[in-house]
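Notes follow the structure.
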Amino acid sequence: MFTFLTWFWALNPCLRQHLDMEKLLNCWDFMKCGFGPDGSRIETEGLCAAARESRLDGVHGGKYGGRACWVVMHTLDCGGGIQENFSAKYPVCMNCRFYWKVREEEGKNFEVSLLLNSRLHDK
């Protein structure tokens with residue numbers, strides 16, 4: 001049964017894109033780490049650096065650095081460690097499920113790490 005709603009959905013990419021954007025998760029939501037803005041661990045351990053990084057706000061449709069956490073220093077990695085610099089952090093993040101999820105969701109609109117890093121260092 002081909003309904004009006006099905007037809008409207010198929011012919012309206014702007015609507016599809018808007019609704020898809022609402023489904024995008026920030027790293028703290030995807031990883032369930034408790035360090036995001038409303039996280040259960042922030043009172044005792046503090047807010048994650050990615051959740052404070054305003055220079056990356058809106059990147060890949062995320063809040064602050066929540067969808068570009070692999071370029072934000074002092075964030076908890078998947079192994080529970082914290083890398084102090086990009087050259088130590090990036091190889092770890094290349095094995096992260098969230099990184100690859102964002103790459104897949106963004107497709108050709110994915111902003112490469114070199115450009116994201118320049119946002120952090122140019123300001």
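The values are calculated or read from the model by the stated rules, or taken from the named source; none is laboratory data. This one's a predicted model, so the numbers in the text were calculated from it and none came from an experiment. A quick note on method: Cβ atoms are made from the backbone with ideal geometry, for glycine too, and the neighbour counts reach across all protein chains shown.
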Quick check: anything in the stretch 54-69 modelled with pLDDT under 95, hydroxyl-bearing (Ser, Thr, Tyr) and in a loop (DSSP other than H, G, I, E, B)?
-> no
Going by the conditions given, is Arg67 among the charged types (D, E, K, R) and buried (at least 17 other Cβ atoms within 10 Å of the Cβ)?
-> yes
The correct count of residues that are at pLDDT 95 or above and part of a loop (DSSP other than H, G, I, E, B) in the stretch 25-36 is 2
Given the conditions (1) surrounded by 18 or more Cβ atoms within 10 Å (Cβ to Cβ); (2) in contact with a Cys (Cβ under 8 Å, 6 or more places away or on another chain); (3) among the aliphatic types (A, V, I, L, M), which single one is not true for Val92?
-> (1)
What tally of residues in the stretch 72-91 results from selecting those that are among the hydrophobic types (A, V, I, L, M, F, W, C) and either at pLDDT 95 or above or closer than 11 Å to Cys27 by Cβ (or both)?
-> 3
Go through the stretch 70-110 and give me each residue that's in contact with a Lys or Arg (Cβ under 9 Å, 6 or more places away or on another chain) and either assigned to a helix (DSSP H, G or I) or more than 25 Å from Gly39 (Cα to Cα) (or both).
-> Trp70, Val71, Phe98, Val102, Glu105, Glu106, Phe110
